[in-house]
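Q: Starting off with a structure, shown below.
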Protein chains: 2
Amino acid sequence: MERKDIVLVGAGRVATSLSLALVKAGHRVCQVYSRTEKSAKALAERLTADYTTSIDALVKDADIYIIALTDTALSSLARQITRGREERLFVHTAGSMSIDTLDCPRRGVFYPMQTFSLERLVDFQHVPVFVEASDDDDLQIIRALASTITDNVFTLSSHDRQYLHLAAVFCCNFSNHCYAIAERMLNEHGVPFSVMWPLIDETAAKSHKMSPLIGQTGPAARDDQEVMRRQERLLADNPAWQQIYQLMSQDIQSMAESSEKSE
Amino acid sequence: MERKDIVLVGAGRVATSLSLALVKAGHRVCQVYSRTEKSAKALAERLTADYTTSIDALVKDADIYIIALTDTALSSLARQITRGREERLFVHTAGSMSIDTLDCPRRGVFYPMQTFSLERLVDFQHVPVFVEASDDDDLQIIRALASTITDNVFTLSSHDRQYLHLAAVFCCNFSNHCYAIAERMLNEHGVPFSVMWPLIDETAAKSHKMSPLIGQTGPAARDDQEVMRRQERLLADNPAWQQIYQLMSQDIQSMAESSEKSE
């Protein structure tokens with residue numbers, strides 16, 4: 001596809017990773033907006049772009065406006081961002097937000113499903129990007145743009161994307177929280193968290209090779225009541241972790257049972 | 001170290017992965033025990049070992065007896081396995097069980113912390129093995145044996161190993177259950193689970209580079225109440241998942257707060 005002129009609204013983790021990938025693919029980010037001058041300027045410099053801290057100063061003639069703000073900022077600023085630029089194409093990057101959060105005629109979604117950090121640049125090549133648009137022509141433009149940075153482009157409705165985003169919260173944020181709990185537990189007993197890396201990596205790698213439901217191991221999967229009671233007692237000082245332990249163990253067992261029944 | 005003659009009590013996932021690694025490292029498994037003849041025979045053939053289904057027929061002169069049974073079988077069979085072989089060294093592989101589950105004079109623990117499947121052979125080289133022994137000479141033997149198959153050997157007491165095993169349940173079984181929930185959720189909306197792989201892999205990889213507590217992202221980490229309320233409503237049909245969602249989200253927030261306070 002030909003080079004696109006892009007305005008980037010936002011300068012956070014998603015905006016940074018995504019815009020660097022777009023520029024690397026040959027597109028031009030002409031302008032970066034952030035409420036915070038420092039963030040706008042820092043990212044604009046990396047992209048050789050202009051920057052602004054005023055929404056009213058956004059240029060009016062870009063090919064695509066990518067809004068990568070928090071959900072709350074997106075909701076409250078959407079109308080102001082699109083106003084006066086009604087013929088332009090706007091997309092947002094928010095996994096859990098409807099396409100209709102934007103109320104301009106040419107609107108879409110460009111959701112890269114990944115966990116981004118400012119400290120850690122993600123290779124975009126295999127990041128799944130979920131797209132949606134208000135009409136077919138714009139869908140083709142958005143799909144083509146996504147295809148310049150990743151080989152994983154999916155069209156998905158706002159309705160189904162809600163569940164996708166929720167699934168991502170489980171796969172990423174909640175599994176990461178399990179790591180965080182383990183880290184604190186180990187630190188309290190003088191064991192470095194790094195001992196967990198091979199286990200964490202194998203658990204992740206295994207999920208590519210077999211269904212996580214089938215690949216499950218551990219006390220709950222083998223219904224080892226004695227170990228489970230003992231481990232619950234070890235958590236007596238932390239009622240939240242104890243409850244998480246009980247709920248997860250019960251649910252491991254009830255999902256295994258329901259899948260046996262359906263076989 | 002010189003080649004050890006090993007008796008393997010058990011023929012399940014841990015026994016299989018561990019014994020294959022030991023044989024590859026040049027040791028000899030002379031005998032495999034399993035209650036089930038089929039399992040004993042199958043593994044013995046892979047190891048060019050003898051096999052038996054009778055504990056009383058275990059040879060009496062091996063260098064090390066490795067007991068890789070379920071916790072329940074270990075508890076109930078330990079005395080029978082060690083009886084009449086009091087001068088020999090026995091170790092078990094059960095992460096959550098005390099060294100004193102064995103009541104023979106020369107006893108130890110050899111806990112390889114990994115998630116094992118029969119379908120998926122694990123490369124042992126970086127698997128952390130946690131060891132313990134009733135005296136220093138045997139500790140050196142067990143450490144040396146472990147060092148022939150992995151570069152990650154740690155001495156850890158039974159007391160601290162309980163917490164290690166519990167941390168492993170969180171890192172492995174519970175994060176895997178988060179994947180399993182996501183898989184079912186996606187299947188219900190026609191999205192293949194494979195779209196989650198880059199996210200799962202990045203979440204795992206990131207835990208090597210920064211503390212999972214610091215690297216956390218998502219609605220709970222950014223205190224996005226609107227998204228959290230909406231996602232809870234999406235889970236209305238599944239009270240267990242809804243409770244997991246609420247507990248995990250609350251705990252993500254309270255752990256972030258307590259770490260800010262301690263800074």
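The values are calculated or read from the model by the stated rules, or taken from the named source; none is laboratory data. From a predicted model like this one, the values you see are computed outputs, not experimental measurements. Cβ sites come from the backbone with ideal geometry, for glycine too, and all protein chains shown count toward neighbours.
Q: Does region A:99-107 include one or more residues that are polar (S, T, N, Q) and touching a residue at least 24 places away in the same chain (Cβ under 8 Å)?
A: Yes, that holds for at least one residue.
Q: Could you tell me which residue of region B:63-84 is nearest to the other protein chains (Cβ to nearest Cβ), considering only residues that are of a type outside the set (A, V, I, L, M, F, W, C) and closer than 16 Å to residue B:141 by Cβ?
A: Among them, the one singled out is B:65.
Q: Select from region A:1-27 the residues that are assigned to a strand (DSSP E or B) and either out of contact with any Lys or Arg (no Cβ under 6 Å at 6 or more places or on another chain) or in contact (Cβ under 8 Å) with a residue 60 or more places away in the chain (or both) and list them in ascending order.
A: Of everything in region A:1-27, those that are assigned to a strand (DSSP E or B) and either out of contact with any Lys or Arg (no Cβ under 6 Å at 6 or more places or on another chain) or in contact (Cβ under 8 Å) with a residue 60 or more places away in the chain (or both) turn out to be A:6, A:7, A:8, A:9.
Q: Here's a check for you: in region A:125-160, which residue that is within 24 Å of residue B:215 (Cα to Cα) and in a helix (DSSP H, G or I) is farthest from the chain's Cα centre (by Cα)?
A: Across region A:125-160, the extreme among qualifying residues is A:125.
Q: Check whether at least one residue in region A:65-81 is farther than 24 Å from residue A:159 by Cβ and without any contact (Cβ under 8 Å) to a residue 12 or more places away in the chain, and report yes or no.
A: no
Q: Counting just the residues of region B:42-59 that are over 24 Å from the mean Cα position of the chain (by Cα) and part of a helix (DSSP H, G or I), which one comes out surrounded by the fewest Cβ atoms within 10 Å (Cβ to Cβ)? Steps first, please.
A: Filtering region B:42-59 for residues over 24 Å from the mean Cα position of the chain (by Cα) gives B:45, B:48-59.
Applying the additional criterion that residues be part of a helix (DSSP H, G or I) yields B:45, B:55-57.
On the way: B:45: 11, B:55: 13, B:56: 9, B:57: 11.
The qualifying residue surrounded by the fewest Cβ atoms within 10 Å (Cβ to Cβ) is B:56.
Q: Now a separate question. Which residues, taken from region A:28-53, are within 30 Å of residue B:220 (Cα to Cα) and free of Cβ contacts under 8 Å to residues at least 12 places away in the same chain?
A: Listed by number, the residues that qualify are A:38, A:41.
Q: Now a separate question. Could you list all residues from region B:5-41 that are crowded, with 20+ Cβ neighbours inside 10 Å, in contact with a helix residue (DSSP H, G or I) (Cβ under 7 Å, 6 or more places away or on another chain) and under 16 Å from residue B:62 (Cα atoms)?
A: B:6, B:8, B:9, B:19, B:29, B:32, B:33
Q: List pairs: first in region A:180-204 and farther than 21 Å from residue A:170 by Cα and more than 7 Å from every other protein chain (Cβ to nearest Cβ), second buried (at least 19 other Cβ atoms within 10 Å of the Cβ) and not small (Gly, Ala, Ser), Cβ under 6 Å, 6+ apart or cross-chain?
A: A:193/A:183; A:193/A:186
Q: Also: Where the second residue is of a type in the set (Phe, Trp, Tyr) and part of a loop (DSSP other than H, G, I, E, B) and the first is touching a residue at least 40 places away in the same chain (Cβ under 8 Å) and more than 14 Å from every other protein chain (Cβ to nearest Cβ) and lies in region A:114-140, which pairs have Cβ atoms under 6 Å and are six or more apart or on separate chains?
A: Every condition considered, no pair remains.
Q: Name the pairs: first residue in region A:151-168 and of a type in the set (Val, Ile, Thr), second residue part of a strand (DSSP E or B), Cβ to Cβ under 7 Å, at least 6 apart or on different chains?
A: A:153/A:129; A:153/A:131; A:155/A:131; A:155/A:132
Q: Of these, B:114, B:140, which one is out of contact with any Asp or Glu (no Cβ under 8 Å at 6 or more places or on another chain) and of a type outside the set (Phe, Trp, Tyr)?
A: Working: B:114 fails: out of contact with any Asp or Glu (no Cβ under 8 Å at 6 or more places or on another chain).
Checking each option against the conditions leaves just B:140.
Q: Out of region B:231-263, which residues are at pLDDT below 95 and facing chain A (nearest Cβ under 7 Å)?
A: none
Q: State which residue is surrounded by the fewest Cβ atoms within 10 Å (Cβ to Cβ) when the search covers only region A:207-230 and only residues that are of a type in the set (Val, Ile, Thr) and at the interface with chain B (Cβ under 7 Å from one of its Cβ atoms).
A: Ranking the candidates gives A:217 first.
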